[in-house]
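Written below as structure tokens is the structure these notes are about.
Coordinate-derived values only; no laboratory data. Keep in mind that what you see is a predicted model, and the values were worked out from it rather than measured. Cβ atoms come from the backbone with ideal geometry, glycine included; neighbour counts cover every protein chain shown.
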Amino acid sequence: MSTPEPTIYDVIRQRRDVRAEFTGDLVDDATLLRILDAAHRAPSVGNSQPWDFVVVRDEQTLTRFAGHVADKRIEFRDSLPPERAATFEPIKIEGITESGTGIVVTHDDSRGGPQILGRATVPETGLYSTVLAIQNLWLAATSEQIGVGWVSFYDADYLTELIDLPAGIRPVAWLCIGPVHQFQQTPDLERFGWRDRRPLENAIHWERYGTAAG
Ligand SMILES: Cc1cc2nc3c(=O)[nH]c(=O)nc-3n(C[C@H](O)[C@H](O)[C@H](O)COP(=O)(O)O)c2cc1C
């Protein structure tokens, strides 16, 4: 008997932010393109599609970015009170060189011109759209058993210069992407005692913010 296809709920449950589990093999281009196609099908305000994807595999670029991220990690650790610094210390925050592929997701707020249908009242909807592309990418990768890790320990100016982003194009995420040994069942930040997932009932409000579950 064949095993049933995983449902979208299975994929959502399996998705993890991956740092230590990359095998070191590269994601093949056909799989990468399927995943990027899924990202590119995201909804966007006024159908503006403000995202782009810069695929980075050059070893020197990966190593330079990893060095920058390591510096930012130290800056963050040094900003913590001693007890939090000790909790943070063993937590790996990126798999830049191990994954062998970085995808920089960028945002162009000017795409589609000044009159974006739906953005006039909520300017952030442009950026929300790019983030939805990232979530599509993350879930599609998981369904392919490919890991993704979001790295945000960087100065935007540094990354902009590293990959030659033109003026007005904003880097939104560096995503490490590649085959994995396994997906952890529990998020790293929970496993290492940094922060737990909130119970769903605490996140649901009925009719007014602040009212308990009905
Ligand atoms: C906007 C954003 C930025 C993040 N930046 C980092 C990062 O720099 N390094 C890291 O290890 N994880 C990063 N993460 C991953 C989160 O730590 C992770 O999603 C969270 O702990 C829950 O774990 P899970 O994704 O495995 O469920 C980021 C996630 C998001 C959504």
**Prompt:** With the Cα gyration tensor of the chain giving a ≥ b ≥ c as the square roots of its eigenvalues, does the rule (a/c under 1.5 for rounded; else a/b larger than b/c for prolate; else oblate) give rounded, prolate or oblate?
**Reply:** rounded
**Asked** Within a Cβ distance under 10 Å of GLY100, other residues only, what is the Lys/Arg minus Asp/Glu net charge?
**Response** -2
**Request:** Given the options LEU189, LEU175, LEU33, state which has the largest fluctuation in a GNM of the chain using a 10 Å cut-off (strictly under) for Cα springs.
**Result:** LEU33
**Asked** Relative contact order for the chain: what is it in percent, counting Cα pairs under 8 Å that are at least 6 residues apart?
**Response** 33
**Request:** Among the trypsin sites (Lys or Arg not before Pro) in the range 121-214, which ones are in a DSSP loop with at most 16 other Cβ atoms within 10 Å of the Cβ? Mind listing them?
**Result:** ARG195, ARG197, ARG208
**Message:** For the range 122-195, take N as its residue count and report Rg(C-alpha) divided by 2.2 N^0.38 Å.
**Reply:** 1.32
**Request:** Report, in whole Å, the centroid distance computed from the Cα atoms of the range 59-83 and the range 109-132.
**Result:** 32
**Item:** Helix-only [θ]222 nm of the chain, DSSP H runs n ≥ 4, -39500 (n - 2.57) each, per residue, nearest 500
**Value:** -11000 deg cm²/dmol
